[in-house]
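The values are calculated or read from the model by the stated rules, or taken from the named source; none is laboratory data. These numbers come from a predicted model, not from an experiment. Here the Cβ positions follow ideal geometry from the backbone for every residue, glycine too, while neighbour counts run over all protein chains shown. Side chains are part of the model used for accessible areas, which takes the heavy atoms of the whole protein and leaves out ligands, DNA and RNA. Shrake-Rupley method; radii C 1.70, N 1.55, O 1.52, S 1.80 Å.
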Amino acid sequence: MIWLLIIMEIGLFTAGIYLINKYDKEAGIQVSKKEYVTMGLIFAMTEIVLFSFYGYGREFGCHSLVLFYLIFAAYIDQKTKQVYRIGSIAFILISVLLFFSVKDMSLYERVERTICILIFSMIAIMQGTLGWMGWGDVLTYVGVFFWLGTWKYDHITLELLAIYMLLANVFFLIINVRRFDWKQKRFKEEVAFLPGMAGAMMILVLFIK
């Protein structure tokens, strides 16, 4: 069953690349055989980890869908330096629905998590307003915050979201350190932020879960 899901994700990945190239003539995304193998291994690793936490069921399927989107969007961002807002908006809607569909959450927990999510969403929006990141990145951040709010954890939500943002920024700097001009104090070229967000999420899944 899990291998069928991995094959399905590779199929969705291929279909997504085809649709982007079809409707965005400037994308021109070419996927090498090595990249297909790498993406397949990433999908396999994430599914095995998620299965070890949830087994088969609704939660496993929902979390697999969210992580697939993050990994796929990170790949596209790395290739094109674009985050398609329609995908980010759909991601937010799915994450919000997941958040409010969690049944074993007390009213106090839901209110506390909602307030923390809104606070960090405002921080992300402020960064977008200042031009520190693109609006596609901002929208993806908001979706991730709501998704994190569906997790079962012993930490306060403020702490969890702060750790995630810190990890995302650390991964972003590690990935793009060679592209930074230390004399001019800016990047030499346009850089992708979503790979850092996806990497941080995969690490967080391993350590928090």
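Calculated over the range 31-142, the projected area of the Cα convex hull averaged across directions stands at 8.2 nm². In the chain, the calculated helix contribution to ellipticity at 222 nm averages -25500 deg cm²/dmol per residue, counting -39,500 (n - 2.57) for every DSSP H run with n ≥ 4.
Here the Kirkwood formula puts the hydrodynamic radius of the chain at 17.9 Å, using every distinct Cα pair.
Assuming a viscosity of 1.567 mPa s and a temperature of 4 °C, what translational diffusion coefficient in µm² per second does Stokes-Einstein assign to the range 89-149, Rh being the Kirkwood radius over Cα pairs?
Working: Rh = 11.9 Å.
My calculation gives 109 µm²/s for D.
Ranking of Arg178, Arg113, Arg58 by solvent-accessible surface, largest first: Arg178, Arg58, Arg113 (1.4 Å probe, protein heavy atoms only, all chains present).
Of the accessible area of the chain, with the probe set at 1.4 angstrom, what percent is carbon plus sulfur?
69 percent
The calculated FRET efficiency for Lys152 paired with Ile119, based on their beta-carbon distance and R0 = 22 Å, is about 0.55. Listed values for the range 57-62 are Karplus-derived 3J(HN,Hα) couplings in whole Hz (6.51 cos²θ - 1.76 cosθ + 1.60, θ = phi - 60°), namely x, 4, 4, 4, x, 5, and x replaces Gly and Pro. Panel values: the range 1-75, Kirkwood radius from alpha carbon pairs, Stokes-Einstein at 4 °C and 1.567 mPa s, translational diffusion coefficient 99 µm²/s.
Given the convex hull over the Cα atoms of the range 58-123, what projected area results after averaging over all orientations, in nm²?
For the range 58-123, averaging the hull's shadow over all directions gives 5.3 nm².
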